[in-house]
Amino acid sequence: MELRKTGIELIGDVPWGTHISQVYSAKDDFFKTSIPFIQKGLSNNELCIWIYSSNTDEDEIRSTIKKSVPDVDSYIKKGQLKILPYTEWYVKEDSFNEVRINKQWVDLIEYCVRSGYDGMRAVADTSWLEKSYSRKFAEYEKNINKLVSELPFIVICLYDSNKIGISEFSEIVSNHGYVVLKDNGGFKVLKNVELLVKNLQLEKSREEYKKLEKYDQMKTEFFSNLSHELRTPLNVILSTLQLMRIKKATLVQKPDERNYFSIMQQNCYRLLRLVNNLIDITKIDSNFFELKLCNCNIVEVVENITMSVAEYIESKGITLKFDTNIEEKMIACDPDQIERVILNLLSNAMKFTPQGGRIWVKILDDDDKVKIKVRDNGIGIPKNKQDIIFDRFQQVNKSFSRHHEGSGIGLSLVKSLIEKHGGDISLKSQEGKGSEFILELPCKILPGQITDTDSEAEIVKHKQVERAQIEFSDIYA
Ligand code: ADP
């Protein structure tokens, strides 16, 4: 746990969120504690605040600090040390307003974080406090204690012993972790054990939380590195296979050899798909995923990718129908990712539709939106599972899914990709009747003429065939 040096010998190191008080009879008393307190804060990269009452003034405080911190003026100039009268803090226009004061503290903490300080410490003299405010102030102290305990903040409240009675004193003791008192010419410290333990526990849980956050970040980085490391050798195997194939094609190839090649290739694609999905999910989670947007004809993108797998789907005894109520619709999208989404939905539709079944892909122009529907009349998805299938690693029926390979990240990735486009995905399904996935994409256009430049038909076709091989790798046999 991170402890801060108070600079006050009797107290030593304390965690953030500690609320100290001092009951003084002369201003010499509080200078003896508050000066080393401020000095430590300044050297520890903390924002330091001193709110004084009418028993002293800014000049006196500054010149007293100067004896221990010769360059005090430079700290004031750069804003790390602020010396303020109570009339600019507690009592403004003759009114003590708790909400305003709390806001001032929170604003300061925000300033402190923005300016790169490690935290904040304050000295706050309360000797301006009149009896008429004392109830209100005690209430305020209780609340401020809660506020302080949750922030990177350490504060000393100064109380003039001539102005406090026994009831105020007990209030002070209960609201502060430490009370510094004059004792035989020296000082002694009363500890409010209950409060200290409470703050310690709070600090501990904050630390544990930080540890967990850090672990999570490490896990993400590890995952991302690992996925990249997996992809490289896979691509090498794939291209070597391709090379061997080309070379072998010139020789006479035995049928079972051809079969081995395609088994190896298909399984490489399966691994590649899994790795690609893992990389992208990790990127999306850590906000590093970026779409490569361009203005393109969404009808053409969806139609071409659907057609590229039509033959394969039909060869499995499933009818595929493509339909659109519009010829052309230019929208800003990432065509590679849209293709991936459509392939994912089509491969699922295929996996879960028996022979003799049907799959429909439909595009509907809907003014400011374009809807893409992928429907099948396959096994459908039970009502109670419809909400969760977009969650990661969810498969409706694990035992059933064993016959249908998959990792359960396809749909969660599809959803994230569509949401990245500012769109939405929904599902209508009835068990035994079929499923319909409905994508809605906003019809926005990028300013300027950023259109899909990759229009050389051959390149696009080649890319689509490979992408289909990857996305369909679960079912290709
Ligand atoms: P997987 O990689 O396992 O296919 P998905 O996220 O793509 O993961 O799908 C999650 C689950 O949703 C599937 O395992 C299946 O149970 C169900 N599912 C998805 N699409 C369909 C569909 N068209 N018909 C029936 N069930 C489906």
Study note, to complete from the structure: When segment 388-433 is checked residue by residue, the ones that are more than 7 Å from the ligand (Cβ to nearest atom), modelled with pLDDT under 70 and assigned to a helix (DSSP H, G or I) are Lys398, Ser399, Phe400
Practice item. Assess whether Glu471 counts as being within 12 Å of the ligand (Cβ to nearest atom) and modelled with pLDDT of 85 or more. Key: no
Review point. Is it true that some residue in segment 368-387 is closer than 25 Å to Val301 by Cα, modelled with pLDDT of 85 or more and surrounded by fewer than 15 Cβ atoms within 10 Å (Cβ to Cβ)?
Key: yes
Exercise for review: Go through segment 118-139 and give me each residue that's under 35 Å from the mean Cα position of the chain (by Cα) and surrounded by fewer than 20 Cβ atoms within 10 Å (Cβ to Cβ).
Suggested key: Asp118
Review point. What pairs come up if the first residue lies in segment 283-296 and is basic (Lys, Arg), the second is surrounded by 15 or more Cβ atoms within 10 Å (Cβ to Cβ) and assigned to a loop (DSSP other than H, G, I, E, B), and their beta carbons are under 8 Å apart, counting only those six or more places apart or on different chains?
Key: Lys283/Phe289; Lys292/Asp334
Check your understanding: From Ile20, Ile49, which residue is crowded, with 18+ Cβ neighbours inside 10 Å, over 18 Å from Tyr117 (Cβ atoms) and either hydrophobic (A, V, I, L, M, F, W, C) or free of Cβ contacts under 8 Å to residues at least 12 places away in the same chain (or both)?
Key -> Ile20
Point to revise | Members of segment 36-89 that are within 22 Å of Trp16 (Cβ to Cβ) and part of a helix (DSSP H, G or I) | key: Pro36, Phe37, Ile38, Gln39, Lys40, Gly41, Leu42, Ser43, Tyr75
Exercise for review: Kindly indicate whether any position in segment 114-123 is touching a helix residue (DSSP H, G or I) at 6+ places or on another chain (Cβ under 8 Å), β-branched (Val, Ile, Thr) and at pLDDT 90 or above.
Suggested key: yes
Review point. Would you pick out the residues in segment 102-125 that are in contact (Cβ under 8 Å) with a residue 40 or more places away in the chain, part of a helix (DSSP H, G or I) and within 21 Å of Ile61 (Cβ to Cβ)?
Key: Trp105, Leu108, Tyr111, Cys112
Review point. Wholly within segment 289-354, which strands (runs of 3 or more DSSP E) include no fewer than the required count, namely at least 1 residues that are farther than 18 Å from Lys369 by Cβ and within 15 Å of the ligand (Cβ to nearest atom)?
Key: 319-324
Review point. Here are some conditions: (1) within 14 Å of the ligand (Cβ to nearest atom); (2) within 22 Å of Gln469 (Cβ to Cβ); (3) of a type outside the set (Lys, Arg); (4) not in a strand (DSSP E or B). Ile359 meets all but one. Which one does it not meet?
Key: (4)
**Study point:** Subset of segment 314-325 (residues that are within 40 Å of the chain's Cα centre (by Cα) and at pLDDT below 95)
**Key:** none
Point to revise | Condition broken by Leu293, with the remaining ones in (1) surrounded by 22 or more Cβ atoms within 10 Å (Cβ to Cβ); (2) under 32 Å from the mean Cα position of the chain (by Cα) satisfied | key: (1)
Review point. Right, Ile20: at pLDDT 90 or above and within 22 Å of Leu196 (Cα to Cα) or not?
Key: yes
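The values are calculated or read from the model by the stated rules, or taken from the named source; none is laboratory data. Values in this document were obtained by computation on a predicted structure and should not be read as measured data. Backbone-built Cβ (ideal geometry, glycine too); neighbour counts: all protein chains shown.
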